[in-house]
Amino acid sequence: MNVRYDVRHARVTWRLSTGVPAAQVAQWAGHSVEVLQRIHHRCTAGYDEVWIERMDRAREDDQ
């Protein structure tokens with residue numbers, strides 16, 4: 001068991017699941033967005049409603 005890797009993976013997963021943009025998470029993690037999404041794609045699965053709600057709110061704030 002590699003505790004450092006597990007903690008790093010958990011931090012990346014947490015950031016993605018709370019809505020931090022993938023580009024920012026990838027930069028922090030030190031790899032590309034493509035690699036990030038390939039490894040952590042399950043973190044953002046099922047969040048369509050969350051993203052739609054956030055986009056709707058942002059659009060309303062702009063009006």
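Here are a few things to note about the model shown:
- Working from label points 7 Å from Cα in the Cα-to-Cβ sense, the residue 56 to residue 5 distance is 4.2 nm.
- Charged-residue dipole, Cβ positions (Lys, Arg, Asp, Glu), the chain about Cα centre, Debye nearest 20: 500
- Measuring nothing but protein heavy atoms, the accessible surface of the chain at 1.4 Å probe radius is 52 percent carbon and sulfur.
The values are calculated or read from the model by the stated rules, or taken from the named source; none is laboratory data. In this text the structure is predicted, and so the values were computed from the model without any measurement. In this analysis, Cβ positions are derived from the backbone assuming ideal geometry, glycine residues included, and neighbour counts consider all displayed protein chains. Just the protein is used for accessible areas: all its heavy atoms, side chains included, with ligands, DNA and RNA removed. Shrake-Rupley method; radii C 1.70, N 1.55, O 1.52, S 1.80 Å.
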